[in-house]
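The values are calculated or read from the model by the stated rules, or taken from the named source; none is laboratory data. Since the model is a prediction, treat every value here as computed from it, not as a measurement. Using ideal geometry, Cβ is built from the backbone for each residue, glycine included, and neighbour counts are taken over all protein chains shown.
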Amino acid sequence: DSDDYDSETKSVCPFCGVGCQISVKVKDGRVTHVEGINGPANEGRLCVKGRFGFDYIHHPHRLTKPLIRRDDAPEKGMNADPGNPWTHFREATWDEALDRAAHGLADLRSYHGGASVAGFGSAKCTNEEAYLFQKFIRQGFGHNNVDHCTRLCHASSVAALMENVGSGAVTATFNEIENADVAIVIGANPTENHPVAATYFKQFAKRGGQLIVMDPRAQALKRHASHMLQFRPGTDVALLNALMNVIVEEKLYDRAYIEQFTEGFFEFRDHIRAFTPERMADLCGIDPDTIRDAARTFATADRGMIFWGMGVSQHIHGTDNARCLIALALLTGNVGRSGTGLHPLRGQNNVQGASDSGLIPQFMPDYQSVTDPEVRSLFRHIWRGTEISATPGLTVVEVMDRVYRGEIKGMYILGENPAMSDPDVAHARKALAALDHLVVQDIFLTETAMFADVILPAAALPEKSGSVTNTNRAVQVVRKAVDAPGEAREDWAILVDMARRIGLDWDYDDPREIFNEMKMSMRSLHNITWNRLMEEGGVIYPSTGPDDPGQAVVFGDGFPRRAGRARFAPARVTPPAEAPDARFPMILTTGRQLEHWHTGSMTRRATVLDAVEPEATCALHPATLRDLGVEPGGMVTLETRRGTVTVKARADRAVAPDMVFLPFAYVEAAANLMTNSALDPYGKIPEFKFSAVRVTRA
Ligand code: SF4
């Protein structure tokens, strides 16, 4: 009823990469409710987070004034109450806080050089803010040590896609599944993590599409699957190579496509011959007949899509996993036509856009390499004489290691929470405590902000304007629906003030100006103007002209690589970084759950979501619980080589008897105290999905 609200504003959901468009209804300066509208990705649908997760923005824990660490504060650490920061911090004016924040970073630059400062930006900010943040570090400190949570999410997928396809983004929107005959969903649990996308997957199966789900955990999509391959954790390459062995041996591959659009097939064919289903079956725990059936189903269908999530990417062999998926699509000619494609399901609402905008240490905006002299020359021109360092910067986990070594002494962290999200988080927290100067810009006193010297209060997504880019490559508009509380400000405006204080000649009055500067270096934004975004709500890139809403499917006429050819990259089986043994006999895997988003700072402060899932639980198979002598709801202790957590146990048949699943949203049972920081050598992504663990009755 329109009497229930004073205004309604069209915007985008702040949670996952599906990018559902929403209408935000506001009365008396507060959001009363949210409805789905007819965006291209969601067609009016929303999940429980989008529908009921909005009231975190009105939570009394919101930061409303700049804070400065008190001179007599206890040692830096996580002993502050998020609702009562006053034992550690005092309120300050914006002028004092900005001076302290910026001058502290500039002093480190003067005494120790620019490389003594690093920055973590955010996939929860707009594209314009992500662009400004990477510019702040690159222009202000003369190096590329700027990264964000893509490192913990799909860095390995992007590494494989860039290497073999020539582009890090999806080749087809997830909605294209409507035109597919078969789809593989591997290492992803869309029903919980991309729920609106999952509705399209279920519709696809209901109309007769063959849905092949592959995952060490069973999941809700299993009910809709034609094939469920619950393989052993960490054996993705063995399983995928076995599937491709069948396709090669039975000559089910698309010879014409391979000849026209690929390179490296013959070496790949020779490599794959060793991976017979019989040889791989014991390793991956799937019998040869099932492997053959799944391979034939995928290869003989006319149109196939492949979707994957962090179950694929968060391994030390994450890049190899993604290389296999790319090879599978190339082998079967499943890129470039409607109903075909490769789609890594992106996590955060703007992780695609933040990556596109250059918030990664080896690339300038639009994945232009910092090692390319022409790219550096382009940015020298656009950024008025700024010399870009030709050395790729450090990634998230590498930055923390350099803090330990005393090489990085200051950080600016905007909207990220490494004190919860990094692997082996005790190590990360010690690093944060060791910094000489830490500036945190956020909407809450996060676990990371508790280590800060200066905290700058920021606006939440419904309180700001700009653009964000979803998993489908759709650049969409977020519009300000309510004022930020107290003195909190939009991130881009804070960044401009910070930049001026470290001596940069910045002069932006609104996000449109920033967007227009981005267009000077980003070919992806060709034909996408601010006015178009405002009028149309969103445009998919690439867009071929002012009237083209964007290309849902790309690479129908070749790839952005040498001679237009994508590449087959052979992958070998690599074991996980630590194998279960007598002391730690089970496997810990972590992830998200439907109601809670990432480190929980937003959703645990959303009334409905917190009421549905108020406390941490781990999931164990009923047989495992029986063996432990623990009733469902009883307490268990999980211990790895890095840390221990005691948590309530939930009986869940989806988890194999030698596995335990723990969501990472709960500070009181922080999963990342236990996870392994071993890195994939290409994507530099940690192995969140596999740690050897001991589970005992608490
Ligand atoms: Fe928001 Fe994702 Fe749910 Fe859509 S599917 S409402 S974008 S959390």
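Only residues that are part of a loop (DSSP other than H, G, I, E, B), more than 21 Å from Ala172 (Cα to Cα) and within 11 Å of the ligand (Cβ to nearest atom) were counted in segment 41-59, giving 3. Looking across segment 14-40, the residues that are part of a strand (DSSP E or B) and within 13 Å of the ligand (Cβ to nearest atom) come down to Cys16, Gln21, Ile22, Ser23, Val24, Val34, Glu35, Gly36.
Residues in segment 661-698 that are over 29 Å from Ala159 (Cα atoms) and touching a Cys at 6+ places or on another chain (Cβ under 9 Å): Ala669, Val695. Looking at the structure I just gave you, is Val196 farther than 18 Å from Gly333 by Cβ, of a type in the set (Val, Ile, Thr) and surrounded by 22 or more Cβ atoms within 10 Å (Cβ to Cβ)? Here the answer is yes, as Val196 does meet what is asked.
Of the residues making up segment 615-637, not a single one is hydroxyl-bearing (Ser, Thr, Tyr) and touching a Phe, Trp or Tyr at 6+ places or on another chain (Cβ under 6 Å). The sole residue among Gly503, Gly486, Gly537 that is surrounded by fewer than 23 Cβ atoms within 10 Å (Cβ to Cβ) and over 30 Å from Ile57 (Cβ atoms) is Gly503. If only one of Gly385, Gly336 is part of a loop (DSSP other than H, G, I, E, B), at pLDDT 95 or above and either crowded, with 22+ Cβ neighbours inside 10 Å or of a type outside the set (Lys, Arg) (or both), which one is it? Selected residue: Gly336, the only one of Gly385, Gly336 that is part of a loop (DSSP other than H, G, I, E, B), at pLDDT 95 or above and either crowded, with 22+ Cβ neighbours inside 10 Å or of a type outside the set (Lys, Arg) (or both). Number of residues in segment 258-309 that are part of a helix (DSSP H, G or I) and of a type in the set (Lys, Arg) equals 4. Inclusion of Glu96 among residues that are of a type in the set (Asp, Glu), at pLDDT 95 or above, more than 16 Å from the ligand (Cβ to nearest atom) and under 29 Å from Phe141 (Cα atoms) is warranted. The residues of segment 91-105 that are loosely packed, with under 14 Cβ neighbours inside 10 Å and assigned to a loop (DSSP other than H, G, I, E, B) amount to a single one, Thr93. Restricting Pro462, Pro457 to residues that are in contact with a helix residue (DSSP H, G or I) (Cβ under 8 Å, 6 or more places away or on another chain) and in contact (Cβ under 8 Å) with a residue 12 or more places away in the chain narrows the list to Pro462. Hey, could you check segment 1-11 for residues that are farther than 25 Å from Ala611 by Cβ and assigned to a strand (DSSP E or B) and say which is nearest to the ligand (Cβ to nearest atom)? Filtering first and then ranking leaves Lys10.
Every residue, every condition in (1) farther than 18 Å from Val12 by Cβ; (2) surrounded by 19 or more Cβ atoms within 10 Å (Cβ to Cβ), yes or no:
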site	(1), (2)
Val454	yes, yes
Pro457	yes, yes
Ala460	no, yes
Lys464	no, yes
Leu495	yes, yes
Met498	yes, yes
Asp510	yes, no
